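J.: Structure incoming, see below.
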Amino acid sequence: MSDSPSGWRRRLHDLDLSLAVSRETRIRVLENPGRWMPAEDFAPLLAGMREVTRRGIGEDLHYGVLSGDPERLRNAVITLLYDRATGAMVAFNALSYMSISLRGQDIQAVHLGLVMVDPGYRAKGLSWVLYGLTSMLIFVRRGLRPLWISNVTQVPAIIGKVAESFVTAYPNPFAPSRRTFDHLCVAREIMRKHRAVFGVGPEAGFDEEHFIITNAYTGGSDNLKKKFADAPKHRDGRANELCERQLDYARGDDFLQIARFDQPAALRYLLRDVPRHSLPALLYRLVFLLLGRLFMPLLHWLTPGTPMGDLRARR
């Protein structure tokens with residue numbers, strides 16, 4: 001991508017960032033590629049994600065960004081990980097923006113979406129990228145305003161990882177977090193409007209007390225259904241015990257985890273999760289995004305006669 005003024009403006013509008021945060025791995029983050037990336041450019045990326053999925057679970061999936069639906073790509077944030085030596089895609093995370101209503105206001109929440117890792121690259125310390133990096137970038141882009149996060153899974157390892165990354169998560173096997181009214185409102189909105197984002201059909205039920213989606217594997221995510229014995233376990237047995245006790249794996253239940261990413265969560269992520277050797281490269285990008293968020297509105301205010309198209313806050 002060009003570093004012309006228009007290129008820099010689009011970087012501030014929709015993310016297209018590349019980070020070489022280790023000697024082994026290169027990362028690329030694409031925000032809303034369905035809005036700006038030509039279909040012929042995205043096609044090889046989609047093929048790479050589908051190949052990583054087949055290597056990861058031995059099956060194809062047909063929902064979310066993997067469906068190739070342009071509308072899904074218009075509201076997605078995709079994180080791609082590449083092996084720097086071979087150039088091959090080895091993992092990805094596909095997040096989705098969701099419009100919901102909370103306390104009488106229309107806001108955007110983010111669904112953590114599908115995470116896939118090539119079997120040869122598991123247990124290589126990539127979880128800080130796949131579960132926190134993109135949320136951190138979006139949080140900074142929003143001017144450090146709190147961001148609501150959702151996650152749907154029956155895998156104890158993922159339930160535990162999300163709870164570790166977002167201490168406000170409910171359900172949470174590690175902390176006595178409570179189900180606040182805001183947690184419940186966000187969950188209700190997601191189940192009412194956005195089931196297709198995570199491949200859950202209209203016939204699935206929702207247990208509001210425990211945040212369990214019952215009979216969840218009927219909307220395109222069928223090949224992700226597992227037996228408890230086959231689901232990857234977390235190193236802390238409390239996550240495994242929670243899933244085994246509350247989820248009906250034969251029926252196909254999932255937890256819907258809801259969390260709030262805010263300034264304490266961001267600081268915890270930077271100080272605890274990000275490897276020290278990767279922190280300088282990440283902080284450089286975060287500062288750039290934050291400065292863009294702070295100074296672009298000032299530029300708009302001071303230059304009202306300069307046409308900036310969609311960059312204007314209001315037409």
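J.: Looking at ALA216, ALA204 in this structure, which one is surrounded by 15 or more Cβ atoms within 10 Å (Cβ to Cβ), touching a residue at least 24 places away in the same chain (Cβ under 8 Å) and among the small types (Gly, Ala, Ser)?
T.: Exactly one residue qualifies, and that residue is ALA216.
J.: Which of the helices (runs of 4 or more DSSP H) contained wholly in the stretch 213-315 include at least 1 residues that are modelled with pLDDT of 75 or more?
T.: Counting at least 1 such residues, we get 237-246, 263-268.
J.: Further question: Hey, any hits in the stretch 159-166 for a residue that's β-branched (Val, Ile, Thr), touching a Phe, Trp or Tyr at 6+ places or on another chain (Cβ under 9 Å), under 17 Å from GLU31 (Cα atoms) and buried (at least 23 other Cβ atoms within 10 Å of the Cβ)?
T.: No; the residues of the stretch 159-166 include none that is β-branched (Val, Ile, Thr), touching a Phe, Trp or Tyr at 6+ places or on another chain (Cβ under 9 Å), under 17 Å from GLU31 (Cα atoms) and buried (at least 23 other Cβ atoms within 10 Å of the Cβ).
J.: Still on this structure, I have one more. Within the stretch 57-67, which residues are crowded, with 18+ Cβ neighbours inside 10 Å and either among the hydrophobic types (A, V, I, L, M, F, W, C) or modelled with pLDDT of 85 or more (or both)?
T.: Within the stretch 57-67, the first condition is being crowded, with 18+ Cβ neighbours inside 10 Å, and the residues that meet it are 61, 63-66.
Result: LEU61, VAL65, LEU66.
J.: In the stretch 81-126, which residues are crowded, with 20+ Cβ neighbours inside 10 Å and among the hydroxyl-bearing types (Ser, Thr, Tyr)?
T.: TYR82, SER96
J.: Does at least one position in the stretch 131-143 carry a residue that is of a type in the set (Val, Ile, Thr), part of a helix (DSSP H, G or I), at pLDDT 90 or above and buried (at least 21 other Cβ atoms within 10 Å of the Cβ)? Don't jump to the end; show me each part of the working.
T.: Within the stretch 131-143, the first condition is being of a type in the set (Val, Ile, Thr), and the residues that meet it are 134, 138, 140.
Next, from what is left, pick out any that are part of a helix (DSSP H, G or I): 134, 138, 140.
If we keep only those that are at pLDDT 90 or above as well, we get none.
So far as the stretch 131-143 goes, no, none of its residues is of a type in the set (Val, Ile, Thr), part of a helix (DSSP H, G or I), at pLDDT 90 or above and buried (at least 21 other Cβ atoms within 10 Å of the Cβ).
J.: Just checking, which of ARG188, ARG192 is charged (D, E, K, R), in contact (Cβ under 8 Å) with a residue 12 or more places away in the chain and assigned to a helix (DSSP H, G or I)?
T.: Answer to the selection: ARG188.
J.: Restricting the search to the stretch 238-254, which residues are in contact with a helix residue (DSSP H, G or I) (Cβ under 6 Å, 6 or more places away or on another chain) and either surrounded by 23 or more Cβ atoms within 10 Å (Cβ to Cβ) or more than 19 Å from ASN172 (Cβ to Cβ) (or both)?
T.: ALA239, CYS243, TYR249
J.: Could you please find all residues in the stretch 71-88 being over 28 Å from ALA187 (Cβ atoms) and either in a loop (DSSP other than H, G, I, E, B) or within 18 Å of the chain's Cα centre (by Cα) (or both)?
T.: If the condition is that a residue be over 28 Å from ALA187 (Cβ atoms) and either in a loop (DSSP other than H, G, I, E, B) or within 18 Å of the chain's Cα centre (by Cα) (or both), then LEU80, LEU81, TYR82, ARG84, ALA85, THR86, GLY87, ALA88 are the ones that fit.
J.: Going by what's in this entry, would SER150 be described as among the polar types (S, T, N, Q), touching a strand residue (DSSP E or B) at 6+ places or on another chain (Cβ under 9 Å), in a strand (DSSP E or B) and closer than 17 Å to LEU256 by Cα? I'd like the intermediate steps shown before the answer.
T.: Working: among the polar types (S, T, N, Q): yes; touching a strand residue (DSSP E or B) at 6+ places or on another chain (Cβ under 9 Å): yes; in a strand (DSSP E or B): yes; closer than 17 Å to LEU256 by Cα: yes.
Yes.
J.: Taking the stretch 89-130, which residues are over 11 Å from the mean Cα position of the chain (by Cα) and part of a helix (DSSP H, G or I)?
T.: PRO119, GLY120, TYR121, SER127, TRP128 - these are the residues of the stretch 89-130 that are over 11 Å from the mean Cα position of the chain (by Cα) and part of a helix (DSSP H, G or I).
J.: Based on what the data block shows, is ARG141 without any contact (Cβ under 8 Å) to a residue 24 or more places away in the chain, out of contact with any Pro (no Cβ under 7 Å at 6 or more places or on another chain) and at negative phi?
T.: No: the conditions fail for ARG141.
J.: Among all residue pairs at least 6 apart or on different chains, which show Cβ distances below 7 Å where the first residue, located in the stretch 97-108, is more than 18 Å from ARG72 (Cα to Cα) and small (Gly, Ala, Ser) and the second is at pLDDT 90 or above and not in a strand (DSSP E or B)?
T.: SER101/GLU189
J.: Pairs, please: C-beta under 7 Å, at least 6 apart or cross-chain, first residue farther than 12 Å from LEU73 by Cβ and in the stretch 35-48, second surrounded by 16 or more Cβ atoms within 10 Å (Cβ to Cβ)?
T.: Within 7 Å, the pairs are GLY48/MET89.
J.: Then there's this: Between residues in the stretch 52-76 that are of a type in the set (S, T, N, Q) and residues that are outside any loop (DSSP other than H, G, I, E, B), which pairs lie under 7 Å by C-beta distance while being six or more apart or on different chains?
T.: Close Cβ pairs (under 7 Å, with a partner that is outside any loop (DSSP other than H, G, I, E, B)) amount to THR53/LEU66; THR53/MET116; ASN75/SER96; ASN75/TYR97.
J.: Within the stretch 39-58, does at least one residue satisfy the condition of being assigned to a loop (DSSP other than H, G, I, E, B) and over 21 Å from TYR217 (Cα atoms)? I'd like the intermediate steps shown before the answer.
T.: Here is the first cut: in the stretch 39-58, the residues assigned to a loop (DSSP other than H, G, I, E, B) are 58.
Next, from what is left, pick out any that are over 21 Å from TYR217 (Cα atoms): none.
No, every residue in the stretch 39-58 fails to be assigned to a loop (DSSP other than H, G, I, E, B) and over 21 Å from TYR217 (Cα atoms).
J.: Give me the pairs: first residue in the stretch 110-133 and on the phi > 0 side of the Ramachandran plot, second residue at pLDDT below 80 and in a helix (DSSP H, G or I), beta-carbon distance under 9 Å, and six or more apart or on different chains, which are they?
T.: GLY113/GLY64
The values are calculated or read from the model by the stated rules, or taken from the named source; none is laboratory data. Note that the structure is predicted; figures quoted are calculated from it, not measured. For neighbour counting, all protein chains shown are included, and Cβ atoms are generated from backbone atoms with ideal geometry for every residue, glycine included.
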